[in-house]
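Trainee: Have a look at this one.
The values are calculated or read from the model by the stated rules, or taken from the named source; none is laboratory data. For clarity, every value in this text was computed on a predicted model and none was experimentally measured. Cβ placement follows ideal geometry from the backbone for every residue including glycine, while neighbour counts extend to all protein chains displayed. Quick note on the areas: whole protein, heavy atoms, side chains included, nothing else; ligands and nucleic acids left out. Shrake-Rupley method; radii C 1.70, N 1.55, O 1.52, S 1.80 Å.
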Amino acid sequence: MENNKSNFSRRKFIGTSTAFVAGAAITGPSLFAAPSMLKNNNKPNSIINGVQIGVITYSFRSMPDQSAEATLKYILDCGINAIELMGDPAESYAGKPENPVDRRAYFTLMRSKRKGEVLNDEEQKEFAEMQEKMAAYKKEVAQWRSNVPMDKFVELRKMYNDAGVTIYAFKPGAFGKDNTDAEIEWGMRAAKTLGASHVTLEHPGDDAHTQKLGDMAKKHGIFVAYHGHEQQTPTFWDTALKQSKYNALNLDLGHYVAAGNTDPLEIIKSKHDRIMSMHTKDRQTPEHGKGNLPWGTGDTPITQALQLIRDNKYKFPATIELEYDIPEGSNAIEEVRKCLKYCEKSLA
């Protein structure tokens, strides 16, 4: 029981205090003032020797303000000019109903369950209540998506483009098996309005659903790029790719290495014409513990992969995804900058 109480306290601390810690780590004028590149009337440029380096805005999840405007400042402060945009900043900007559930606490408990950790009675009750509220909220969001006009997405695209940032991918939670057809249609329309060439989602592991998404993507003239974690293999995407030319890869090179695949560069060579974007992070092989580490300290051949893209003139962007633990005294912006510097050195 004492262990359960300790676990609950730890989880509650993680779920409720991260934003405060993040806020404490970023005190200083530069973040919330105009970024230096704007002061010089310059726009960011993260195309390095022909390779587009982007960032997924999930990388800024630890930052205290998750609005579209704040997210744009984070991107600019990193010096990046192209992104994979998560759904929340864009949908909130367009007036999405506010979630009554503390998402940070909810996903902390969900991850604990997935890891096989035992939740105590208080946690079980809290999680059950959260699940009930989330189910009702999803219905509310589905209704909102079916009626929301595209005006605010047009406005958001202009705001980002005017600052020098393009949106090449959009990742709202709208393409799963539990989403309505109207939500899927909305997600694809919104992505095109934002200027994205593709939407991204976790591979559903369901051939009927990837067929459905491929068919709907053809209708809207946009690609659906499937992401994977440690279930990725050289043949992971094959069925979806055969179903539709609009089905594609959102390869995650770090997870691919952690899955134990022995030649991570080969998947890039063999599937380059179907890769829409590549999540880039440094993970270890299973033999070394599968850790998610600062770039250059794991087993993922990031430099070789970037050089492969450069030398073969592959067109897809390499997307920085910050998933390693942020060191004390730093913040997401500083760490994404380090990742960008690593790319610059690799591609020099």
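Trainee: Quick one: Debye curve from the C-alpha atoms of the stretch 35-161, no solvent, what's log10 I(q)/I(0) at q = 0.10 Å⁻¹?
Mentor: Each listed q maps to, in turn, -0.46.
Trainee: A further question on this structure: Would you pull out the residues with amide H under 5 Å of ILE275's amide H, same chain only if 5 or more places away, H placed 1.01 Å from N?
Mentor: When sequence neighbours closer than 5 places are left aside, the close amide H contacts are LEU249.
Trainee: What are the extents of the Cα atoms of the stretch 202-317 along their three principal axes, in Å, largest first?
Mentor: In descending order, the Cα extents are 44, 30, 20 Å.
Trainee: Please name whichever of ILE222, GLN124, LEU241 sits farthest to the positive end of the charge dipole of the chain, dipole taken about the Cα centre and charges placed at Cβ: Lys and Arg +1, Asp and Glu -1.
Mentor: ILE222
Trainee: Show me the ranking of peptides 310-319, 278-287 by mean Cβ neighbours inside 10 Å, starting with the highest.
Mentor: Per-residue Cβ counts within 10 Å, averaged per peptide and sorted highest first, yield 278-287, 310-319.
Trainee: Something else about it: Where is the GNM fluctuation largest for the chain (alpha-carbon springs, 10 angstrom cutoff): MET130, MET63, MET159?
Mentor: MET130
Trainee: Can I ask one more? Would you rank THR166, THR193, THR210 by solvent-accessible area, highest first, keeping every protein chain in place and using a 1.4 Å probe?
Mentor: Numbers: THR166 70, THR193 30, THR210 0 Å².
From most accessible down to least: THR166, THR193, THR210.
Trainee: So how far apart, in nm, are the two label points at ASP162 and MET134 if each is 7 Å from Cα heading toward Cβ?
Mentor: It is 3.7 nm.
Trainee: Set the Förster radius R0 to 56 Å, insert the Cβ-Cβ distance between THR297 and ASN147 as r into 1/(1 + (r/R0)^6), and round the FRET efficiency to 0.05.
Mentor: That pair, THR297 with ASN147, gives E of 0.70.
Trainee: List, in the order given, every pair from LYS73/LYS345; LYS177/LYS290; LYS152/LYS271 whose Cα-Cα distance in the structure shown is over 26 Å.
Mentor: LYS177/LYS290; LYS152/LYS271
Trainee: Now, a different point. For the chain, calculate the relative contact order in percent as a whole number, restricting contacts to Cα pairs under 8 Å that are 6 or more residues apart. Intermediate values should be presented prior to the final figure.
Mentor: Values: 558 pairs, mean separation 63.8, N = 348.
Reported as a whole number, the value is 18 percent.
Trainee: If you don't mind, another one. Distances over 19 Å make up what percent of all Cα-Cα pairs in the stretch 244-298? Each step should come with its number before you reach the end.
Mentor: Values: 446 of 1485 pairs.
Of the Cα pairs, 30 percent sit more than 19 Å apart.
Trainee: Determine the relative contact order of the stretch 221-302: mean sequence separation of Cα pairs under 8 Å and six or more apart, normalised by residue count, in whole percent.
Mentor: 28
Trainee: Sticking with this one: Give me the number: length gained by fully extending LYS242 to ASP207, i.e. 0.36 nm times residue separation minus the C-alpha to C-alpha distance, one decimal in nm.
Mentor: 11.5 nm
Trainee: Quick query: amide H of GLY54 versus all other amide H atoms, modeled in the peptide plane; which residues come in under 5 Å with a sequence gap of 5 or more or a different chain?
Mentor: Amide H to amide H, under 5 Å and 5 or more residues apart or across chains, GLY54 pairs with ALA318, THR319, ILE320.
Trainee: If you don't mind, another one. How large is ³J(HN,Hα) for each residue in the stretch 242-249, as worked out from phi by the Karplus curve 6.51 cos²θ - 1.76 cosθ + 1.60 (θ = phi - 60°), to whole Hz, x for Gly and Pro?
Mentor: Couplings: 6, 5, 7, 6, 8, 8, 8, 9 Hz.
Trainee: Right, here's the next one. Using θ = phi - 60° and the Karplus form 6.51 cos²θ - 1.76 cosθ + 1.60, what ³J(HN,Hα) does each residue of the stretch 132-146 get, whole Hz, x for Gly and Pro?
Mentor: In residue order, the calculated couplings are 5, 5, 5, 4, 5, 5, 4, 5, 5, 5, 4, 5, 4, 4, 6 Hz.
Trainee: What are the ³J(HN,Hα) values, in whole Hz, obtained from phi via the Karplus relation 6.51 cos²θ - 1.76 cosθ + 1.60 with θ = phi - 60°, for each residue of the stretch 323-337 in sequence order, with x given for Gly and Pro?
Mentor: Listing the rounded values in order: 10, 6, 5, 6, x, 4, x, 10, 8, 4, 5, 4, 6, 5, 4 Hz.
Trainee: Roughly how many whole Å is it from the C-alpha centroid of the stretch 56-94 to that of the stretch 177-213?
Mentor: 21
Trainee: Bin width 10 Å, alpha-carbon pairs only: give the P(r) of the chain as whole percents, running from 0 to the bin holding the largest distance.
Mentor: Pair shares across the bins are 5, 23, 34, 28, 9, 1.
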